[in-house]
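Q: Pasting in a structure now, in structure tokens, and then I'll have a few things to ask.
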Amino acid sequence: LTDAALLPTATNIALAIACLAMTWALVLVARRHPRSAFARAQLPATIFLGAAAATCLVEAVTSSHPNADLSAVLRAITALAGIITAIQVMSAASKTPDESATATNGVPAAAAPAAAAAAAAVEASEEPGANEARDSRTSVTDIVNGASAPAPEAGFLGLVSHELRTPLTAMQLLLDRLGDAGEELAPRQRSIVDRLNATAARLTDLVDSILYYARLRNGRLVASVEPFDLGTLALDVTEELRPQAQRKSLDLEAKTTRDRISIESDPKLIRLVLLNIVSNALKFTERGKVAIAVSAEGDTRVVRVTDSGAGIAADEQKRIFEPFQNVEPTKHKHLPGVGLGLSLARQIVDSLGGHISVRSELGKGSTFEVSLPAVATSATSRAAQPGVA
Amino acid sequence: MKVVMIVEDDDEIRELLAEMLADGGYEVSTARNGEEALALLRSSPRPGVILLDLMMPVMDGWQMRAEMLADPALADIPVVVVSGAADLGGDGHALKASRVLTKPVKWPVLLESVRAHCN
């Protein structure tokens, strides 16, 4: 080799090694994650990288006497495979919002296969011991039921859930421990512990809301259907939010029949819906009251939440169910919340086969009505598992 | 009084739970992952209940549970899963846990689960 050819030859060999390493990485990812959203991009990506590696090797070998025809053919194959890969990755990314952020943010088009591999690798590595977890989950299920395990939580969501809940757990346990001190606490200290407990509960609800919202967006929300009393649930929600009402000196009342209002649905999801609607009503009501009424109307169960707040203008009534929308944000800048509650509530109610609507007039308050089928009709529902709390 | 075994990789939570259970009069053993827990189970008196986290390094809770269920000497030790995993769904059932608690767990709920097996 001449001195002039040494550098191009060395860099071509380095590039070829890099491309082959990436090819091997993709093969490993494809083997471990055959059902990944990017699985269809694996083959063209592998061809693309393999052809690129071959091109580099040919260039390295023939740098002193270039073989233009061979290089041209290899380049054409590389380009074709690259374009197919990019199309597959873009298609997969558009179907899976979580992964698309990883695949497309700031990644040049030429790096699409690497992005696909990176996305798959991130998906694989986000949960600590994710591979082992999935394998073992299958084995546990195999032992017990002889059936395959349900799809695991999306990597990013699993990570967010785990990482946020872990410090929340420590905080909650510490608060419970402090609360256990009982009479040792002065009234002022007790009040602080109570308020911290309420804040921890809000934070937990917020984490749940974000996770439910993301799962709904990804079509991964599965309702656990079981029979329960909707009236009792509404009363529980009322009590949970009573401190919020008391802080603003608002009346908060729940009206329900003496009889059990039976429903077969997901109590955790419906609790979240009611929490969001009632909490929202309390937030936007400055004086007067918020009332919750629960009734059974044929095969429909209805919860009406009426407030004596400022009301919502007609043109804003549709917008409030869109995510990240607060009514008249400039007027309510001081109010907490990201505007996720009503959007989440509507999507959850829809997913359970129900309907949510609002009637409101400026200056005369609002009534939110949640209608739910007596038996959840969603295709995403499944019966609750016995023994699972 | 039976022993309560805590299998949890987070130091803060593991130590806090151990402290709170010890204050409640329970004897406590702890492990940072499934592998440590299995070694302890095979070398010490059997606990009354195991509080099991799922997402842990080295050996996670699913794998540990699979190993336990495959071993007749360990298969019937009651397990309460305490996990921050977002959605266990059918896994909770498959884990054959006596109870599945989602983090953040409330102390009275956890204590009630322990009492059910250790009093």
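The values are calculated or read from the model by the stated rules, or taken from the named source; none is laboratory data. Note that the structure is a prediction, hence the values are computed from the model and not measured. Positions of Cβ are generated from backbone atoms using ideal geometry, with glycine treated the same way; all protein chains shown enter the neighbour counts.
Q: With respect to residue A:115, is the statement that it is at pLDDT below 70 and either assigned to a helix (DSSP H, G or I) or not aliphatic (A, V, I, L, M) (or both) true?
A: Working: at pLDDT below 70: yes; either assigned to a helix (DSSP H, G or I) or not aliphatic (A, V, I, L, M) (or both): yes.
The answer is yes for residue A:115.
Q: Would you pick out the residues in region B:24-35 that are within 18 Å of residue A:181 (Cα to Cα) and more than 10 Å from chain A (Cβ to nearest Cβ)?
A: Matches in region B:24-35: B:25 only.
Q: To continue, here is another question. Name, by its number, the condition in (1) surrounded by 24 or more Cβ atoms within 10 Å (Cβ to Cβ); (2) more than 7 Å from chain A (Cβ to nearest Cβ) that does not hold for residue B:60.
A: Going through (1) surrounded by 24 or more Cβ atoms within 10 Å (Cβ to Cβ); (2) more than 7 Å from chain A (Cβ to nearest Cβ) one by one, residue B:60 breaks only (2).
Per-residue answers, yes or no, for (1) among the aliphatic types (A, V, I, L, M); (2) within 11 Å of chain A (Cβ to nearest Cβ); (3) surrounded by fewer than 19 Cβ atoms within 10 Å (Cβ to Cβ):
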position	(1), (2), (3)
B:8	no, yes, no
B:22	yes, no, yes
B:37	yes, no, no
B:50	yes, no, no
B:84	no, yes, no
B:113	no, yes, no
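Q: Consider residue A:187 against the criteria (1) surrounded by fewer than 16 Cβ atoms within 10 Å (Cβ to Cβ); (2) within 12 Å of another protein chain (Cβ to nearest Cβ): it satisfies all of them except one. Which criterion is unmet?
A: Going through (1) surrounded by fewer than 16 Cβ atoms within 10 Å (Cβ to Cβ); (2) within 12 Å of another protein chain (Cβ to nearest Cβ) one by one, residue A:187 breaks only (2).
Q: Within region A:297-319, how many residues are in a strand (DSSP E or B) and buried (at least 16 other Cβ atoms within 10 Å of the Cβ)?
A: The total comes to 7.
Q: How many residues does region A:1-21 hold that are in a helix (DSSP H, G or I) and at pLDDT below 80?
A: The qualifying residues number 10.
Let's see how each residue does on (1) touching a helix residue (DSSP H, G or I) at 6+ places or on another chain (Cβ under 8 Å); (2) polar (S, T, N, Q); (3) surrounded by fewer than 20 Cβ atoms within 10 Å (Cβ to Cβ):
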residue: A:193; (1), (2), (3): yes, no, yes
residue: A:223; (1), (2), (3): yes, no, no
residue: A:229; (1), (2), (3): no, no, yes
residue: A:240; (1), (2), (3): yes, no, yes
residue: A:250; (1), (2), (3): yes, no, no
residue: A:266; (1), (2), (3): no, no, no
residue: A:290; (1), (2), (3): yes, no, no
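Residue-by-condition table, conditions (1) in a helix (DSSP H, G or I); (2) within 8 Å of chain A (Cβ to nearest Cβ); (3) on the phi < 0 side of the Ramachandran plot; (4) of a type outside the set (Lys, Arg):
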site	(1), (2), (3), (4)
B:16	yes, yes, yes, yes
B:54	no, yes, yes, yes
B:66	yes, yes, yes, yes
B:72	no, no, yes, yes
B:75	no, no, yes, yes
B:105	no, yes, yes, yes
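Q: Please work out which residue is surrounded by the most Cβ atoms within 10 Å (Cβ to Cβ), limiting yourself to region A:195-221 and to residues that are more than 23 Å from residue A:243 (Cβ to Cβ) and among the small types (Gly, Ala, Ser).
A: Once the filter is applied, the top-ranked residue is A:214.
Q: If residue A:246 passes every condition in (1) without any contact (Cβ under 8 Å) to a residue 24 or more places away in the chain; (2) under 23 Å from residue A:354 (Cβ atoms) but one, which one does it miss?
A: (2)
Q: Hey, could you check region A:347-367 for residues that are small (Gly, Ala, Ser) and either on the phi > 0 side of the Ramachandran plot or part of a loop (DSSP other than H, G, I, E, B) (or both) and say which is surrounded by the most Cβ atoms within 10 Å (Cβ to Cβ)? It would help to see each step written out before you state the result.
A: Keep residues of region A:347-367 that are small (Gly, Ala, Ser), which gives A:351, A:353-354, A:357, A:360, A:363, A:365-366.
Right, trim to either on the phi > 0 side of the Ramachandran plot or part of a loop (DSSP other than H, G, I, E, B) (or both) and you get A:353-354, A:363, A:365.
Values: A:353: 18, A:354: 23, A:363: 8, A:365: 21.
Selected residue: A:354.
Q: Within region B:18-52, which residues are in a helix (DSSP H, G or I), closer than 15 Å to residue B:115 by Cα and acidic (Asp, Glu)?
A: Result: B:23, single match.
Q: If you don't mind, another one. In the list A:210, A:192, which residue meets the criterion of being among the aliphatic types (A, V, I, L, M), over 20 Å from residue A:350 (Cβ atoms) and in a helix (DSSP H, G or I)?
A: Exactly one residue qualifies, and that residue is A:192.
Q: Please pick out the residue among A:304, A:271 that is closer than 13 Å to residue A:233 by Cβ and charged (D, E, K, R).
A: Exactly one of A:304, A:271 is closer than 13 Å to residue A:233 by Cβ and charged (D, E, K, R), namely A:271.
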